[in-house]
Amino acid sequence: MIITCDRQVYLFEEEKAYNTNHLIRNELKNGRRILYISKMPIGVLKEQFDKDNNLIDLRSLSPRPESNCISPMNVDALMHTIQKFIEDGSDGIIVINGIEIMEKWMSFSKIKSTIEYVKKLALENGYSVIITQNPLVINSHRLLMLEDIADEVISKKSKD
């Protein structure tokens with residue numbers, strides 16, 4: 001699968017972030033800046049990407065009080081991180097992988113409105129947004145709402 005990440009919102013429907021991470025590695029090779037916010041621990045993310053690459057900012061959705069963590073219940077911290085990333089440069093990609101983690105702490109309507117705001121902010125500033133969602137852990141109505149936010153849906157029901 002060959003995808004170039006144009007300035008729009010993508011929803012990757014996949015059990016594991018395989019296609020998402022493949023695209024991110026390609027975009028890093030092309031010199032794009034990445035803010036990768038994930039449900040995965042930082043150590044796992046560093047194994048999947050060049051940990052010394054200064055183009056990628058890895059953040060874990062975790063309540064730990066560490067600088068590379070964003071509490072999944074703190075929308076203000078999430079938005080502050082995204083806004084700072086946008087202010088620090090141009091031509092970037094914002095990846096959000098972990099909506100189901102956030103949903104444990106806040107309503108889906110709050111998550112949806114946050115993602116809509118991220119979309120608006122990102123597109124106004126020439127950024128791309130990638131949302132990765134496992135279709136097996138979200139109800140179909142909520143998945144349709146995410147699909148409505150996205151400009152392009154990439155679906156892979158993997159059996160890994």
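What are the residues whose amide H is under 5 Å from the amide H of Val153, where those residues sit 5 or more places off or on another chain and H is modelled from the backbone?
Correct list: Leu11.
May I ask you to give the percent of accessible area on the chain that is carbon plus sulfur, with a probe radius of 1.4 Å?
Numbers: 3960 of 8190 Å².
C and S fraction of accessible area: 48 percent.
List the residues whose amide H sits under 5 Å from the amide H of Ser71, counting only those 5 or more places along or on another chain, with H placed 1.01 Å from N in the peptide plane.
Ser62
Loop-only check: which chymotrypsin sites (Phe, Trp or Tyr not before Pro) in the stretch 35-142 are DSSP coil with at most 14 other Cβ within 10 angstrom? Don't jump to the answer; show the numbers that get you there.
Details: sites: Tyr36, Phe49, Phe85, Trp105, Phe108, Tyr117, Tyr127; in loops: Phe49, Trp105, Tyr127.
Answer by residue number: there is no such site.
Can you give the log10 of the normalised intensity I(q)/I(0) at q = 0.14 Å⁻¹, computed with Debye over equal Cα scatterers of the chain?
The computed values of log10 I(q)/I(0) come out as -0.64.
Of Met145, Ala122, Met106, which is farthest along the charge dipole of the chain in the positive direction, counting Lys and Arg as +1 and Asp and Glu as -1 at C-beta?
Met106
If you stretched the chain out fully between Val153 and Cys69, how much longer would it get, using 0.36 nm times the residue separation minus the C-alpha to C-alpha distance?
Using 0.36 nm per residue and subtracting the Cα-Cα distance, I get 27.5 nm.
Taking trypsin sites (Lys or Arg not before Pro) as exposed when DSSP calls them loop (any state but H, G, I, E, B) and at most 10 other Cβ atoms lie within 10 Å, what is the longest stretch of the chain free of them, the sites themselves excluded? Please report the intermediate quantities before stating the final value.
On the way: sites that count: Lys104, Lys157, Lys159.
The longest uninterrupted stretch comes out as 1-103.
What is the stretch 58-116's relative contact order, in percent, from Cα pairs under 8 angstrom and six or more apart in sequence?
Working: 41 pairs, mean separation 14.9, N = 59.
This gives 25 percent for the stretch 58-116.
List, in the order given, every pair from Lys16/Lys110; Lys29/Lys120; Lys29/Lys110 whose Cα-Cα distance in the structure shown is over 28 Å.
Numbers: Lys16/Lys110 24 Å; Lys29/Lys120 26 Å; Lys29/Lys110 34 Å.
Over 28 Å apart, Cα to Cα: Lys29/Lys110.
Rounded to the nearest 20 Debye, what is the dipole magnitude of the chain about its Cα centre when Lys and Arg each give +1 and Asp and Glu each give -1 at the C-beta?
Values: 21 positive and 23 negative charges, 62 e Å.
So the dipole magnitude of the chain works out to roughly 300 debye.
The values are calculated or read from the model by the stated rules, or taken from the named source; none is laboratory data. Source: prediction; values computed, not measured. Virtual Cβ from ideal backbone geometry, glycine too; neighbours counted across all protein chains shown. For accessibility, only protein heavy atoms count, side chains too; no ligands or nucleic acids. Shrake-Rupley method; radii C 1.70, N 1.55, O 1.52, S 1.80 Å.
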